[in-house]
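The values are calculated or read from the model by the stated rules, or taken from the named source; none is laboratory data. Keep in mind that this is a model prediction, so the values were computed, not measured. Cβ atoms come from the backbone with ideal geometry, glycine included; neighbour counts cover every protein chain shown. Surface areas here come from the heavy atoms of the whole protein model, side chains and all, with no ligands, DNA or RNA. Shrake-Rupley method; radii C 1.70, N 1.55, O 1.52, S 1.80 Å.
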Amino acid sequence: MPDPSHIAVIPSLKILYCITPKVASRQWREMLYSFLRKPQGRPLLSQYPPDQQRQKWETYFKFTFVREPFERILSAYKDKFVYPRFPRPMLELHGRAILRTVRPNASKSALDKLDDITFREFIEYLVTKGSDKTTPVMDWHWDNYVNICGMCAVKYDFIGHYETFDQDLADFREAAGLSPQQAKRFDARANNRSSTASSLLTYYSKIPTEWIDILGRLYRANFEMFGYNFPGPLQSLFEERKR
């Protein structure tokens with residue numbers, strides 16, 4: 001089952017949202033939390049006793065969104081190590097683990113500042129220490145969706161795709177049975193989304209294709225369960241290196 005601390009509860013709509021980082025989750029929470037009577041509370045399923053958790057799993061509308069795996073990995077890297085949003089203790093935990101794994105002679109300054117971790121180092125860390133299981137290495141910002149949201153244990157009512165956000169948002173409004181007044185408040189727009197896709201080849205061109213293959217195995221469930229092809233947007237890198 002999913003970690004209940006990753007499930008947002010919106011009682012007035014009878015909705016459960018599995019928070020998937022780097023898939024417009026901030027926008028989704030802003031829209032959903034506007035329906036809370038006490039927005040500062042932002043209730044998570046973990047705050048409810050077990051019997052109420054079960055009742056909500058059984059009766060609430062359950063949804064989440066997914067994103068092309070390679071794009072999401074890059075977005076997580078940028079968000080956490082280039083323009084860091086991690087709280088300092090989390091940045092130190094992951095940043096120092098990365099440097100100690102792939103840069104054993106890292107200077108004290110590098111270990112203190114943690115401001116020069118490259119994308120190649122991040123990927124080397126994942127392919128060296130990562131797993132298809134949830135571990136401390138697989139922080140939930142880049143972990144498999146199946147580990148975060150438990151798609152094999154929970155029958156979700158709706159799973160949307162980041163790449164077709166506008167259409168899927170419209171489909172979500174209908175599937176969730178929202179009233180016209182409620183539906184108007186779900187008004188995120190595609191132009192608010194990240195432009196990470198445009199820089200994929202620039203970043204991944206610095207990564208050995210052997211590592212990309214390993215990432216494909218680590219995130220295999222994400223590719224296969226949600227209709228993403230491997231290597232998908234990185235196909236040209238494999239073709240170029242064959243030539």
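Some points to look at:
- Residues of region 216-243 satisfying the condition of being closer than 21 Å to Phe65 by Cβ and open to solvent by less than 60 Å² (accessible area, probe 1.4 Å): Leu218, Tyr219, Ala221, Asn222, Phe223, Phe226, Tyr228, Gly232, Pro233
- Restricting region 113-129 to residues that are in a loop (DSSP other than H, G, I, E, B) and crowded, with 16+ Cβ neighbours inside 10 Å, the residue that is modelled with the lowest pLDDT is Leu114.
- Screening Asp132 on (1) at pLDDT 95 or above; (2) open to solvent by 70 Å² or more (accessible area, probe 1.4 Å); (3) among the acidic types (Asp, Glu); (4) under 19 Å from Ile148 (Cα atoms) shows it passes everything except condition (1).
- Residue under evaluation Trp140, criteria (1) aromatic (Phe, Trp, Tyr); (2) outside any loop (DSSP other than H, G, I, E, B); (3) closer than 24 Å to Pro2 by Cα, criterion not met: (2)
- One residue from Val146, Val137 being of a type in the set (A, V, I, L, M, F, W, C), within 17 Å of Leu218 (Cβ to Cβ), touching a residue at least 12 places away in the same chain (Cβ under 8 Å) and touching a Gly at 6+ places or on another chain (Cβ under 9 Å): Val137
- If you go through region 144-187 and keep only what is among the hydrophobic types (A, V, I, L, M, F, W, C) and open to solvent by less than 10 Å² (accessible area, probe 1.4 Å), you end up with Ile148, Cys149, Phe165, Leu169, Phe172, Phe186.
- Residue check for Ala110: surrounded by fewer than 18 Cβ atoms within 10 Å (Cβ to Cβ) and touching a Pro at 6+ places or on another chain (Cβ under 9 Å): no
Yes/no matrix, rows are residues, columns are (1) among the aromatic types (Phe, Trp, Tyr); (2) without any contact (Cβ under 8 Å) to a residue 24 or more places away in the chain:
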site: Thr59; (1), (2): no, no
site: Phe63; (1), (2): yes, no
site: Arg72; (1), (2): no, no
site: Val82; (1), (2): no, yes
site: Arg88; (1), (2): no, yes
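- Comparison of Pro104, Pro87 shows that the only residue that is open to solvent by 60 Å² or more (accessible area, probe 1.4 Å) and under 28 Å from Arg26 (Cβ atoms) is Pro87.
- Residue match in region 189-196 (condition: in a helix (DSSP H, G or I), at pLDDT 95 or above and either more than 30 Å from Lys14 (Cβ to Cβ) or open to solvent by less than 30 Å² (accessible area, probe 1.4 Å) (or both)): no
- Scan of region 1-44 for residues that are small (Gly, Ala, Ser), within 23 Å of Ala183 (Cβ to Cβ) and surrounded by fewer than 16 Cβ atoms within 10 Å (Cβ to Cβ), ordered by number: Ser12, Ser34
- Some residue of region 69-77 being in a loop (DSSP other than H, G, I, E, B), among the β-branched types (Val, Ile, Thr) and at pLDDT 95 or above: no
- The residues in region 1-29 that are farther than 18 Å from Thr134 by Cβ and either hydrophobic (A, V, I, L, M, F, W, C) or in contact (Cβ under 8 Å) with a residue 12 or more places away in the chain (or both) can be counted, and the count is 14.
- Of the residues making up region 202-215, those that are assigned to a helix (DSSP H, G or I) and either among the hydrophobic types (A, V, I, L, M, F, W, C) or surrounded by fewer than 18 Cβ atoms within 10 Å (Cβ to Cβ) (or both) number 8.
- Count of region 1-46 residues which are modelled with pLDDT of 95 or more, farther than 19 Å from Tyr145 by Cα and touching a Ser or Thr at 6+ places or on another chain (Cβ under 9 Å): 1
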